[in-house]
């Protein structure tokens, strides 16, 4: 079992005002699954992804990652997990401007001890090739289209060979063609055995996954597999 959430609650406190965000969330994700977490703005889906990706902690409940209780981890351990086990792809790309594609992709390797610059370049070029951007490796990030920037972000997420990739609205800033290219790449990574957790508000994008967990007002309202017919029709 890669991920197991058991009766998770998350509240935010501001000036002694408590705002509940997630309520009694429980589910499991097996290694190699492609899961979409879907809901409208304010449903709690991004908060849930931040918890799953070790960016935030639960208020109550248990989160097990590879059978270990995440509640017992200190900040140093969580930072190590974020770097070694998780790859993030965000809606805003989060690339360094006026910096080459290969340098952007290499960034997570700056936190890896005892790795030569030659090895960093080798790993980065392999990740860039995986998203079909070898011809752009030495271009500056601000010279790329939105779709290309998101593909660079995916390459950066792959660089440390993570156990799981979290994609938070990865097509939100893209036109439909670029968005489809990005989803095809994520789907191909899943075919290769990567675990993918996709956060989205779009039904079409969610249907690339094998399974859709829907949230409303911080609660799970459904957790269903995507039928083979729908996936066959959408995923080429």
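Grab the helices (runs of 4 or more DSSP H) fully contained in the stretch 133-217, keeping just those with 3 or more residues being free of Cβ contacts under 8 Å to residues at least 60 places away in the same chain and within 22 Å of residue 122 (Cα to Cα).
Those helices (runs of 4 or more DSSP H) span 146-158, 176-191.
Residue-by-condition table, conditions (1) without any contact (Cβ under 8 Å) to a residue 40 or more places away in the chain; (2) farther than 20 Å from residue 210 by Cβ; (3) within 19 Å of the chain's Cα centre (by Cα):
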{"residue": "29", "(1), (2), (3)": "no, no, yes"}
{"residue": "43", "(1), (2), (3)": "no, yes, yes"}
{"residue": "49", "(1), (2), (3)": "no, no, yes"}
{"residue": "52", "(1), (2), (3)": "no, no, yes"}
{"residue": "55", "(1), (2), (3)": "yes, yes, yes"}
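Within the stretch 101-122, which residues are more than 20 Å from the chain's Cα centre (by Cα) and crowded, with 18+ Cβ neighbours inside 10 Å?
Residues satisfying the conditions are 102, 120.
Read-outs throughout are calculated quantities, based only on the coordinates presented, and are distinct from any laboratory measurement. This structure is a prediction, so every number in the text was calculated from the model and none was measured. We place every Cβ from the backbone using ideal geometry, glycine too, and count neighbours over all the protein chains shown.
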